[in-house]
Amino acid sequence: MSKKAEVDQAQAAEVGNVDQIRDIIFGSQMRDYEQRFARLEERVLNEADSLRNETNHRLEALEEYIKQEVSSLVDQVANERGEREEDTRHLTGELSKNANETDKKISQVQEKLTQNSGDSRDALLEQSKTLLAEIQNVRTTLNEQMNKSTDELADSKTDRRALADMFSEVALRLNGEFKLPEGKK
């Protein structure tokens with residue numbers, strides 16, 4: 001054997017001896033610690049499995065609850081949409097009905113306005129004819145009266161010469177230069 005192999009064997013024997021000494025001194029405590037660690041590891045694994053199972057169960061319950069809520073909300077939205085569509089159809093029908101009624105009323109009002117306008121125009125034409133006839137009568141009457149007055153004025157009008165004589169006489173009387181015959185004053 002070589003020296004190196006002998007050294008390796010000696011070291012291995014020493015390591016084996018150290019392990020035996022350690023096993024003798026600490027062996028029971030180490031086995032006790034190993035058992036405790038094994039039980040602790042088993043308990044931790046069991047708790048982790050239990051926690052994982054409980055978490056999965058809760059997540060599944062939460063997922064089921066969320067699915068139910070979403071389904072409920074989808075149904076509620078669908079119902080509301082249906083109600084709104086029905087309301088929209090109803091309102092559209094009402095608006096259409098009201099628009100038709102309004103159109104009819106507007107047509108009636110336009111017809112009445114047209115008829116009233118025609119009636120008013122006819123009444124205005126009739127009244128203007130009546131007024132024109134009255135104006136013609138008044139004009140004729142005024143012309144006749146004016147001609148009569150003109151004729152009367154022509155008959156009773158004072159001649160310029162006579163008027164001048166009269167003014168001269170008045171001026172002379174005012175100055176006291178004109179004497180009246182005695183029986184006239």
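Since every read-out is calculated from the coordinates, none of them should be taken as a lab result. Fair warning: this is a prediction, and the values are worked out from it, not measured in the lab. A quick note on method: Cβ atoms are made from the backbone with ideal geometry, for glycine too, and the neighbour counts reach across all protein chains shown.
Summary table below
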item	result
L51/F26 FRET efficiency (R0 41 Å; Cβ-Cβ; nearest 0.05)	0.75
Potential extension, V138-D87 segment - 0.36 nm per residue separation minus Cα distance	11.1 nm
Which of S2, A61, L91, positive extreme of dipole for the chain (C-beta unit charges)	L91
Excluding exposed DSSP-loop GluC sites (Glu not before Pro) (at most 13 other C-beta within 10 Å), longest clean stretch of the chain	1-176
Extent along principal axes [Cα atoms of the stretch 1-137; Å; largest to smallest]	171, 35, 24
L73/D19 FRET efficiency (R0 45 Å; Cβ-Cβ; nearest 0.05)	0.05
Angle between the chain longest axis and helix 3-156 axis [Cα atoms, degrees, rounded to 10]	10 degrees
Point-to-point label distance, N98-A162, nm (Cα→Cβ direction, 7 Å offset)	9.1 nm
Lysine pairs within the chain, Cα separation less than 26 Å, 8 or more sequence positions apart or different chains	7
